[in-house]
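Laboratory data are not the source of any read-out in this text; all were calculated from the coordinates shown. Since the model is a prediction, treat every value here as computed from it, not as a measurement. Positions of Cβ are generated from backbone atoms using ideal geometry, with glycine treated the same way; all protein chains shown enter the neighbour counts.
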Amino acid sequence: MTYSTLARYYDLENAGFTEDLDFWLGLAEEYGDPVLELGCGTGRVLLHLARRGHAVTGLDNSPEMLARLEAKLAAARNMRGDVQHGGVQLNAPTVIRADMKDFSLSGQFKLAIMPYNTFMHLLTLEDQIAALTCIRRHLQPGAALALDMPNPGEAYAAQEQGLTLERTFMDGERTVQQFSSVSVDRAMQLAHITWLYDSVGTDGVVQRAIIPLTLRYTFPGEMRLLLEKCGFALAHLYGDYQRAPFADGSPRMLVVATARDEGSRPKG
């Protein structure tokens with residue numbers, strides 16, 4: 001996916017999405033620092049954890065998204081070299097451009113997180129295994145990995161509705177309407193999404209950006225096997241950000257797994 005256009009709108013369209021922040025903060029407080037965020041983007045979750053004093057490293061492969069994160073950090077840095085965000089001093093995060101399937105960092109982490117739908121960007125089993133294996137190498141035994149995805153059963157049951165208006169927001173003096181169209185390939189477990197951004201200026205002229213995206217659904221049993229293969233043990237399966245048990249009808253599938261000792265990993 002090309003993020004050059006999406007990065008422009010990402011913070012504007014997600015400014016009101018805060019429902020998951022306490023969930024990630026709770027995990028960081030439970031498992032401790034340092035924390036690794038895969039797919040940190042423009043820093044929505046990363047900066048929230050940093051503002052609460054956590055030592056966080058963010059990793060993403062999009063230069064456009066990371067440029068916006070670096071700009072936030074640069075703007076927040078005061079003359080003494082401290083970093084502040086929203087008037088609160090940050091424990092300045094480390095930001096790295098890398099592929100989540102193949103990266104190498106010094107040290108090990110106590111918690112790795114992949115917030116809102118990040119794991120779905122891994123479109124094949126091979127990519128999922130590569131990413132999970134690489135993450136496991138960077139975690140201490142007993143450390144946690146947390147993934148946030150939609151409930152695949154609910155997605156499969158939903159009827160396709162054509163072009164849908166998701167939200168309207170302002171980009172300076174321009175009004176932006178974001179539409180989406182989703183087609184689900186249930187045999188391949190893929191969602192093919194087309195986002196349309198119609199930006200309307202004060203002169204009434206419409207500028208349209210079209211952004212295609214493909215995401216992969218993963219089912220609970222499949223997730224358990226993937227984790228076991230890559231050196232993890234499933235610890236919790238939640239259905240929402242309040243940690244309700246995952247069940248039929250749950251809006252989300254929140255996976256928390258722990259890193260096993262290397263000696264306890266299955267062969268093959």
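Details
- Segment 176-234 and segment 22-81 have their alpha-carbon centroids 23 Å apart.
- Calculated FRET value between Phe17 and Ser181, using beta carbons and R₀ = 22 Å, to 0.05: 0.60
- Springs join every pair of Cα atoms under 10 Å in this Gaussian network model of the chain, and among Gly201, Gly172, Gly26 the largest mean-square fluctuation is at Gly172.
- Calculated translational diffusion coefficient of segment 118-268 (37 °C, 0.692 mPa s; Stokes-Einstein with Kirkwood radius over alpha-carbon pairs) equals 186 µm²/s.
- Across segment 189-202, rounded Karplus estimates of 3J(HN,Hα) from the backbone phi angles (6.51 cos²θ - 1.76 cosθ + 1.60, θ = phi - 60°) give 6, 10, 10, 9, 10, 10, 9, 10, 10, 9, 9, 10, x, 5 Hz, Gly and Pro being marked x.
- The value of relative contact order for the chain, using C-alpha pairs under 8 Å at least six residues apart, is 17 percent.
- Rounded to 5, percent antiparallel among DSSP beta bridges of the chain: 75
- For the chain, calculated [θ]222 nm from helices alone, where every DSSP H run of n ≥ 4 adds -39500 (n - 2.57): -8000 deg cm²/dmol
- Nearest-0.05 FRET efficiency for Val206 and Gln242, computed from C-beta distance (R0 41 Å): 0.55
- Descending semi-axes in whole angstrom, ellipsoid equivalent of segment 16-165, from the Cα gyration tensor: 26, 20, 15
- Whole-Hz Karplus values for segment 58-73 come out as x, 10, 7, 9, 9, x, 5, 5, 5, 4, 5, 5, 4, 5, 4, 5 Hz, taken residue by residue from phi with 6.51 cos²θ - 1.76 cosθ + 1.60 and θ = phi - 60°; glycine and proline positions read x.
- Phi to ³J(HN,Hα) by Karplus 6.51 cos²θ - 1.76 cosθ + 1.60 over segment 239-251, Hz, x for Gly, Pro: x, 7, 6, 8, 6, 5, x, 5, 7, 4, x, 4, x
- Loop-located GluC sites (Glu not before Pro) in segment 157-247 (DSSP state not H, G, I, E or B) with no more than 11 neighbouring Cβ atoms inside 10 Å: Glu160, Glu173.
- Å³ per residue enclosed by the Cα convex hull of segment 154-216: 83
- R0 of 22 Å, Cβ-Cβ distance Thr5-Thr194: FRET efficiency to nearest 0.05: 0.95
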